[in-house]
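Structure first, then comments.
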2 protein chains.
Amino acid sequence: MSTIAVVGGTGPQGKGLACRFARGGHDVVLGSRDGARAAQAADELAARLGGRGGTVAGAENAAAVTKAEVVLLAVPYAGHDALVASLAAALAGKVVISCVNPLGFDQRGPHGLDLGGTSAAETAQGLLPDSVVVGAFHHLSAVSLNGDADLLDHEDVLVCGDDPEAKQTVMGLAATITGRPGIDAGALRLARQLEPLTAVLISINKRYKVRSGLAIHGVSGS
Amino acid sequence: MSTIAVVGGTGPQGKGLACRFARGGHDVVLGSRDGARAAQAADELAARLGGRGGTVAGAENAAAVTKAEVVLLAVPYAGHDALVASLAAALAGKVVISCVNPLGFDQRGPHGLDLGGTSAAETAQGLLPDSVVVGAFHHLSAVSLNGDADLLDHEDVLVCGDDPEAKQTVMGLAATITGRPGIDAGALRLARQLEPLTAVLISINKRYKVRSGLAIHGVSGS
């Protein structure tokens, strides 16, 4: 079991993933720009866990990151680049997971932002030359993550990255959420496809009044 | 039951989808640049069907299209724009389905081409102002389509479009393949997400030596 820091750990997605990791036995540190807010969110999460699983702490982002071997970026795309760049030194040598979804919303619904042939994960890798960035956990809904189901066992976590070892680490982490390893989706640049796919799932959720999830048939027992 | 023309009906994807539509009771016309080749492919398909389902014919693309209410574009992305533009008059007033995937392949594997913030389906709609374009059937593998399974009932067909009635037609067509209606994924512009997602599925297929398929959990009985 490792220590996982979540940058953006007070938002619904970050907190939900942190909750699942902690339930799976990992120690988690919620990071926020505001250390007091992070500590409060950690207290709430610890109360929700009721003593199950790993420890939960909260700290200002840079401090949170230093305690962890694995760091999850769960921040809004707006402001993403500046925040990631500011953490470059603290993130050196670590596996950094990006679940960032660069999405836009207008009258016609959600859509992927046109990033000009790149992705949030690749941008983060460019800003973090001494870290290894892996893309994963884009498609799990915050409501499901924060819900009561023991495992989100109808969903698959797609993992993309250029470092096989880091990717294996993240695929293993996914099993704490879905009950089976994440699926190796390929190279990091496929984050260009994984990130905006979330717009499709949100669109389906709105249309059908459901919480949809992604499953890949034919790989495992799914 | 309607008549469905498949532009690019001699390729594996087009032929596989045509086979499924015919098995579902629709009359199909395989289109090709070469009418004789289309007729030969139609004979092969008819032999495979062995009298089941709808009729199968073959014709040069423009002639194939005039016989149909619904037309599927199943052509390679290379040359797509010129071919579609050349059929604009013949396609006027029809529902046009695009399953075109603009993909690239290099040493790092498959990836979505950067179309500069558009998609093959939206490009087709721009070239066909008197037709209604719907995006669908991007993710079904040609091998599965041409295989023996009665229904691809572990997979979902995602359908995007801006015309609700045309979208309903295509969602119904999807049921002939998967046993349940296609899922309304939202506006046509979400084809930007659906088309290159095929690169992820191909990447998974190569890595795991499987034929993966996409399923959306939480919408229907899936």
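Using only alpha carbons, region B:26-144 has a radius of gyration to Kirkwood radius ratio (Rg to Rh) of 0.99.
DSSP assigns beta bridges within region B:94-146; of those with both partners inside it, close to 50 percent run antiparallel. The protection proxy used here, the mean number of other Cβ atoms lying within 10 Å of each residue, ranks peptides B:43-56, A:3-16, B:190-203 as follows, highest first: B:190-203, A:3-16, B:43-56.
Under 5 Å from the amide H of B:Ala185 lie the amide H atoms of B:Val159, B:Cys160, each residue being 5 or more positions distant or on a separate chain, with H modelled from the backbone and absent for Pro and chain starts. Compute the relative contact order of chain A as a whole-number percentage, counting only Cα pairs closer than 8 Å that sit 6 or more residues apart in sequence. The normalised contact order for chain A reaches 18 percent. Placing a label point 7 Å from the Cα of B:Phe105 along the Cα-to-Cβ line, the residues of region B:188-221 whose backbone N sits under 20 Å from it are B:195-214. Think of a 1.4 Å ball rolled over the protein heavy atoms: chain A then has 37 Å² of accessible area per residue. Rounded to the nearest 500, the 222 nm mean residue ellipticity of chain B from helices alone is -11500 deg cm²/dmol, with -39,500 (n - 2.57) taken per DSSP H run of at least 4 residues. Diffusion of the protein assembly as shown by Stokes-Einstein, at 25 °C in a medium of 0.890 mPa s and with Rh set to the Kirkwood radius over alpha-carbon pairs, works out to 109 µm²/s. Residue-wise HN-Hα couplings along region B:35-52, as the Karplus relation 6.51 cos²θ - 1.76 cosθ + 1.60 with θ = phi - 60° gives them from phi, are x, 5, 5, 5, 5, 5, 4, 5, 4, 4, 5, 4, 5, 5, 6, x, x, 6 Hz; Gly and Pro carry x.
Sorted from nearest, the other copies put their A:Pro129 label points 5.1 nm away, the label point being 7 Å from Cα in the direction of Cβ.
Couplings for region A:133-143, taken from phi via the Karplus curve 6.51 cos²θ - 1.76 cosθ + 1.60 with θ = phi - 60°, read 9, 10, x, 5, 6, 6, 10, 7, 6, 4, 5 Hz in order; Gly and Pro are left as x. Inter-copy label distances at B:Ser2, shortest first and taken from points set 7 Å along Cα to Cβ: 5.1 nm.
Calculate how large, on average over all directions, the projected area of the Cα convex hull of region B:61-131 is; give the answer in nm² to one decimal. For region B:61-131, the mean projected area of the Cα convex hull comes to 4.9 nm².
Ascending distances from the B:Gly35 label point to its copies in the other chains, with the point 7 Å along the Cα-to-beta-carbon line: 8.0 nm. Amide hydrogen proximity for A:Ala57: with H placed 1.01 Å from N in the peptide plane, the residues at 5 or more positions away or on another chain lying under 5 Å are A:Val28, A:Val29, A:Leu30. With the Kirkwood sum run over all distinct C-alpha pairs, region A:3-208 has a hydrodynamic radius of 16.7 Å. Per-residue Karplus couplings for region B:78-89, computed as 6.51 cos²θ - 1.76 cosθ + 1.60 with θ equal to phi - 60°, are listed in order as 5, x, 4, 4, 5, 5, 4, 4, 5, 9, 4, 5 Hz, Gly and Pro entered as x. On the beta carbon distance between B:Asp163 and A:Arg48, with R0 = 41 Å, the FRET formula returns roughly 0.35. By DSSP, the beta bridges lying fully in chain A are antiparallel in about 20 percent of cases. Of the beta bridges in the protein assembly as shown, as assigned by DSSP with both residues counted there, near 25 percent are antiparallel. In this structure, the amide hydrogen of B:Val134, modeled 1.01 Å from its nitrogen in the peptide plane, lies closer than 5 angstrom to those of B:Val96, B:Ile97, B:Ser98, counting only residues at least 5 positions away or on a different chain.
Counting only lysines at least 8 places from A:Lys94 when in the same chain, those with an alpha carbon closer than 26 Å to its own are A:Lys15, A:Lys67, A:Lys167. Basic side chains Lys and Arg get +1 at the Cβ, acidic Asp and Glu get -1 at the Cβ, and with that the dipole of chain A about its Cα centre reaches some 580 debye. Could you check which residue among B:Ala175, B:Ala149, B:Ala42 shows the biggest mean-square fluctuation in a GNM of chain B with a 10 Å Cα cutoff? Looking only at B:Ala175, B:Ala149, B:Ala42, the largest GNM fluctuation is found for B:Ala149.
The values are calculated or read from the model by the stated rules, or taken from the named source; none is laboratory data. This is a predicted model, so every value here is computed, not measured. Neighbour counts are summed over all protein chains in view; Cβ atoms, including those assigned to glycine, are modelled from backbone coordinates with ideal geometry. With ligands, DNA and RNA removed, areas are computed over all heavy atoms of the protein, side chains included. Shrake-Rupley method; radii C 1.70, N 1.55, O 1.52, S 1.80 Å.
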